[in-house]
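A short worksheet on the structure shown next.
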Amino acid sequence: MSVVNIKLDYDERLWTSEEESTSSTYRWKNYELTLENGASIQLDVEITRKQKKILFEALTKPVQPNMSHWQDVPATVQNLVLKIEQQLRDGAAYADKRLRFVGGALRLPPWSFSRQPTNSNHRWASVYWSFNEQDLQHLAPLIDQLEEKQRLIYSKGIWIPLPDAYEGRDVMLTKEQRDEAGDLLSETIDIPPSYALFASALDQWENRNFGSAIAILAVSLETALKWHLTKQGDAIAGYLIENIQSPPLPNLLSCARTHADLNIPKKYQGWLATLVKARNEIVHKPVEKDLKPLEVGRWFATGEAILKALMGINPDDNIGEFVDISSNIEVFPAGTKGVVLRREETYSEDSFHILLDSGITRRFSLEAFTVVKE
């Protein structure tokens, strides 16, 4: 067993009283929770000697010691890190729910993993691998090969970077979009609340709180389509949309496509049907739903495309499609899959923004992927 630690981030709003002691520690299965002006999770993870060596070598190669970024981690070890991360997320979610159930922590914001600074501008989510005696024995030959400064840095442990938050990449506004935003500031027009709701859903998705993200996403799209239909129809249609029992989300989209000139592919209706099914299971069933990250990515890609279509921006045919990444791209292992989030132009380069099954997003040319036929 090796020990991996993570601190949960509650925006520094979780504190413990000093009635008896400043910290409390509790164990279950192979986890340990420490409450001391915050919450930390320790995981006893099973990792072979070979895996330790591969991981250590990968993490000590970057130029800046102990400050690796996920993009620096070779694809050969990414799956190992993802397995460790998933175990930590499972433990963190388990502890978080029980914290809230006692009442004192009910008002906490959603948890996320704390982020380590790599320079003045960026902070990356990381976990700390704390070396025990067995780890040091296994890694001794590799540690001895390091320069003296590095040997000191890695004498007790090493930070393991985690994938970027989904969608953690910059957004670029064109000159026309900047001018449009400026014009809107001086106009007294109604901006539908669906855009703020979508932003809230996206925030939850970035931190991989999938259940909350899906519930808010479905509400944002229902709100957006109702708003669009109300604007397009007469007073009676508006009254019915606002007051009758809410029709299923796919039906709203079908109505908008058929009767309100919304230029959206019909396949989106099927994807929204799976979104609604997942939302209903999350909201109405008292069990955890096993969600597939790429499918959640498809739902967000669909949602963004719908909101843009309401602005008059037609979606690309590849948006929301599952894809296989070309084996000719050496940095990704064979069999890498993804989902197309959007088509975008950055620095005059036309590309497709794709969420990969490793949890990172990259931009690819059209030739770098193949759409998976379903």
Restricting attention to region 141-159, and to residues there that are aliphatic (A, V, I, L, M) and touching a residue at least 12 places away in the same chain (Cβ under 8 Å), which single residue is nearest to Val73 (Cα to Cα)?
Ile158
Let me spell it out: the conditions are (1) free of Cβ contacts under 8 Å to residues at least 12 places away in the same chain; (2) part of a loop (DSSP other than H, G, I, E, B); (3) charged (D, E, K, R), and Lys308 meets all of them except one. Which number is the exception?
(2)
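Residues checked against (1) modelled with pLDDT under 95; (2) open to solvent by 60 Å² or more (accessible area, probe 1.4 Å); (3) under 12 Å from Gly211 (Cα atoms); (4) out of contact with any His (no Cβ under 6 Å at 6 or more places or on another chain):
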{"site": "Asn263", "(1), (2), (3), (4)": "yes, yes, no, yes"}
{"site": "Trp271", "(1), (2), (3), (4)": "no, no, no, yes"}
{"site": "Val287", "(1), (2), (3), (4)": "yes, yes, yes, yes"}
{"site": "Lys292", "(1), (2), (3), (4)": "yes, yes, yes, yes"}
{"site": "Leu310", "(1), (2), (3), (4)": "yes, no, no, no"}
{"site": "Ile313", "(1), (2), (3), (4)": "yes, yes, no, yes"}
{"site": "Phe322", "(1), (2), (3), (4)": "no, no, no, yes"}
{"site": "Ile325", "(1), (2), (3), (4)": "yes, no, no, yes"}
Just wondering, is there one or more residues in region 359-370 that are touching a helix residue (DSSP H, G or I) at 6+ places or on another chain (Cβ under 6 Å) and open to solvent by less than 10 Å² (accessible area, probe 1.4 Å)?
no
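If I ask for residues that are polar (S, T, N, Q), closer than 27 Å to Ile354 by Cα and either open to solvent by 60 Å² or more (accessible area, probe 1.4 Å) or touching a helix residue (DSSP H, G or I) at 6+ places or on another chain (Cβ under 6 Å) (or both), which ones from region 169-214 would you list? Explain how you work it out, then say what you get.
Restricting attention to region 169-214, the residues satisfying the condition of being polar (S, T, N, Q) are 174, 177, 186, 188, 194, 200, 204, 207, 209, 212.
Within this subset, residues satisfying the condition of being closer than 27 Å to Ile354 by Cα are 174, 177, 194, 200, 204, 207, 209, 212.
Across region 169-214, the qualifying residues are Thr174, Gln177, Ser194, Ser200, Gln204, Ser212.
The values are calculated or read from the model by the stated rules, or taken from the named source; none is laboratory data. Predicted model, so just to flag it, every value in this text is computed and none were measured. We place every Cβ from the backbone using ideal geometry, glycine too, and count neighbours over all the protein chains shown. Please note that ligands, DNA and RNA were not included when accessible areas were found on the heavy atoms of the full protein model with its side chains. Shrake-Rupley method; radii C 1.70, N 1.55, O 1.52, S 1.80 Å.
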